[in-house]
């Protein structure tokens, strides 16, 4: 699963991305604003951290003791976990949270609060997913483990996939539970075997050590500590912990997949020499779709991931600017007769994803 031989032809309508970059730069210059995060992003960071840790603190302190209230606290943490990942960690790991690299690096460590491992995530997401969106065998987002889901027409079709549009939602709920158990270990060992160029100056052995320590700390703080301190039966804490992760995984799954695994998206493949048909920028237009462009609250919570096209074209620009940038992208896509797929609402996007799951399962 290495992308080194794939090449995108720069000569395919280079004027589109060149003009778009000029227009986006002009936008920031005329507004006199930075392409990085602003005060609203800082406020969001604080709110998401409060929403994540306030319920946890209430449980540990014994101020919340009833079973329904305990489960509600865990559920709120799950919502905050997903929001923290999409609206804070995501920008930081793309280097767009702040113009200071040190701040981006510090905030990107919030990935540990989700139970994940930043080094793995950056390679899977920044390099593989953004670099080779919907390219089978390279984009890991369309390559779920064990083949339980078929998210690409180039993957083997099994009988169980006939029902994937029913059970996929449960699989998405297991996403972060997978992170905190085996996925990060399997992923890092695979990257080591493939000699993947991870964005780290540490050796693989040191990364494996860091991964082990991070998992021990995470499980001790968010699992063992509540079992010891929260004044409820241990099994209720276990149930709440699973509920938190299920909610977070479910939200993350449907937000990301509803932008790529939909009927309007294509699955381009390289030719025998590794050449792709379109340039990288145009490739993003064919494999990505926006949704709910008027949903301001949704956009705030999901970190602008409803403007997925803009994010893929400009991952180094903070999501707080995507709404305004989208007007430029749409205008130039129309000018150069290129696709610009927009799903009017989030419900419509989820519906389209369901239809695509059903199509890929046949």
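The values are calculated or read from the model by the stated rules, or taken from the named source; none is laboratory data. These numbers come from a predicted model, not from an experiment. Cβ: placed from backbone, ideal geometry, glycine included. Neighbour counts: every protein chain shown.
Of everything in region 303-327, what is assigned to a helix (DSSP H, G or I) and surrounded by fewer than 18 Cβ atoms within 10 Å (Cβ to Cβ)? Give them in sequence order. Even if it seems obvious, please write down each step before you answer.
Initial filter on region 303-327 (assigned to a helix (DSSP H, G or I)): 308-313, 319-327.
323, 324, 327, listed by residue number.
Listed here are the residues, each with its yes/no results for (1) modelled with pLDDT under 95; (2) over 18 Å from residue 350 (Cα atoms); (3) more than 19 Å from the chain's Cα centre (by Cα).
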{"residue": "224", "(1), (2), (3)": "no, yes, yes"}
{"residue": "238", "(1), (2), (3)": "no, yes, yes"}
{"residue": "244", "(1), (2), (3)": "no, yes, no"}
{"residue": "248", "(1), (2), (3)": "no, no, no"}
{"residue": "255", "(1), (2), (3)": "no, no, no"}
{"residue": "261", "(1), (2), (3)": "no, no, no"}
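Just one of 238, 255, 224, 232 is more than 30 Å from residue 299 (Cβ to Cβ) and surrounded by 17 or more Cβ atoms within 10 Å (Cβ to Cβ); which is it? Full working, then the answer.
Values: 238 fails: surrounded by 17 or more Cβ atoms within 10 Å (Cβ to Cβ); 255 fails: more than 30 Å from residue 299 (Cβ to Cβ); 224 fails: surrounded by 17 or more Cβ atoms within 10 Å (Cβ to Cβ).
Exactly one of 238, 255, 224, 232 is more than 30 Å from residue 299 (Cβ to Cβ) and surrounded by 17 or more Cβ atoms within 10 Å (Cβ to Cβ), namely 232.
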Fill in the blank from the handout: Among 55, 118, the single one that is crowded, with 23+ Cβ neighbours inside 10 Å and free of Cβ contacts under 8 Å to residues at least 60 places away in the same chain is 55
Completion exercise
The condition from (1) over 21 Å from residue 263 (Cβ atoms); (2) part of a loop (DSSP other than H, G, I, E, B) that residue 362 misses is numbered (1)
Handout entry: Out of 351, 362, sole residue that is over 19 Å from the mean Cα position of the chain (by Cα) and modelled with pLDDT under 95
Key = 362
